[in-house]
Amino acid sequence: MFNLILFGPPGSGKGTQSSNLINTFGLKHLSTGDLLRDEISRETRLGLEAKKFMDAGQLVPDAVVIGMIGSKLDENPQARGFIFDGFPRTTAQAEALDNLLQLKGTNIHMLISLEVPEEELKQRLLLRGAVSGRSDDNEEVIANRIVEYRAKTEPVSNYYEAQGKLERIKGVGEVEEIFGAIKGKIESFILPQ
Ligand code: ADP
């Protein structure tokens, strides 16, 4: 198994690069943002609760997202590996993920951090809001999401750096070029399918 965390601020390109990686390496994509939006569209209790936080640009409580990831790991015992996208977003989530994977006899192999300057992030998110109509891509909510990211999520990279698993990649440039850089980092762990 090969388990990768794709890490970076909102708008850094995690979703785009995840789809490239799934196709090339046959990994299972677990995006907590997508899972939460799916709960919202099905109007589940979890979705209705999560929506309040998401619409304000705040993080959804740890227990909610940890529970969701735990179920998805159980549902995919045959996976070649997982790409975690948008998770873990707090150090508590990182510790919980380590425990969940340990119970399955595996672990996180690498965290790839996509580095993008703040001004570029804001522009990308505003553009995405205009195109996709995502309700959390407006100026005020974007500002909150970046504040949450700096305060609660950035420390997650230190957690994995201490384990020697952090790789930084420049997230500005052509999508293909960035994908090439990511591939270069992971090819010693897993071959394309
Ligand atoms: P982006 O990467 O563009 O910020 P996501 O789709 O990953 O967007 O997340 C959208 C929102 O969903 C976040 O702002 C947050 O409210 C919620 N969310 C997603 N993943 C998590 C998580 N792991 N922990 C807490 N909240 C989360």
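Only the coordinates and a few stated rules stand behind these numbers; no lab work does. None of these values were measured; they are calculated from a predicted model. Every residue, glycine among them, receives a Cβ derived from its backbone with ideal geometry; neighbour counts consider all protein chains shown.
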Go ahead and run the numbers for FRET between Glu119 and Thr91, Cβ-Cβ distance against an R0 of 25 Å, rounding to 0.05.
-> 0.35
Could you work out the local net charge near Ile190, counting Lys and Arg as +1, Asp and Glu as -1, over the other residues with Cβ closer than 12 Å to its Cβ?
-> +2
What list do you get for Asp136, Asp62 if you sort them by fewest beta carbons within 10 Å?
-> Asp62, Asp136
Separation between the Asp38 and Asp55 pseudo-spin-labels, each 7 Å from Cα along Cα→Cβ, expressed in nm?
-> 2.3 nm
Any aspartates and glutamates whose Cα falls less than 15 Å from that of Lys51, other than same-chain ones fewer than 8 residues away, would be Asp34, Asp38, Glu39, Glu43, Asp62, Asp136, Asp137
Go through segment 33-97 and name the trypsin sites (Lys or Arg not before Pro) that are in a DSSP coil and have 15 or fewer other Cβ atoms within 10 Å of their Cβ.
-> Arg42, Arg80
Neighbour count of at most 10 Cβ within 10 Å plus DSSP loop: longest GluC sites (Glu not before Pro)-free window in the chain = 44-173
Please report the Cα spread of segment 79-193 along all three principal axes, rounded to whole Å, starting with the longest.
-> 42, 32, 25
From a point 7 Å beyond the Cα of Ala63 in the direction of its Cβ, which residues of segment 96-125 have a backbone N at a distance under 17 Å?
-> 96-97
Compactness check, the chain: C-alpha Rg relative to the 2.2 N^0.38 Å globular estimate gives 0.98
For Glu174 and Asn144, extending 7 Å from Cα along the Cα-Cβ vector and measuring point to point gives, in nm, a value of 3.9 nm
Straight-distance crosslink candidates among lysines, where the alpha carbon sits under 26 Å from Lys183 and sequence neighbours closer than 8 are dropped | Lys14, Lys28, Lys72, Lys104, Lys165, Lys170
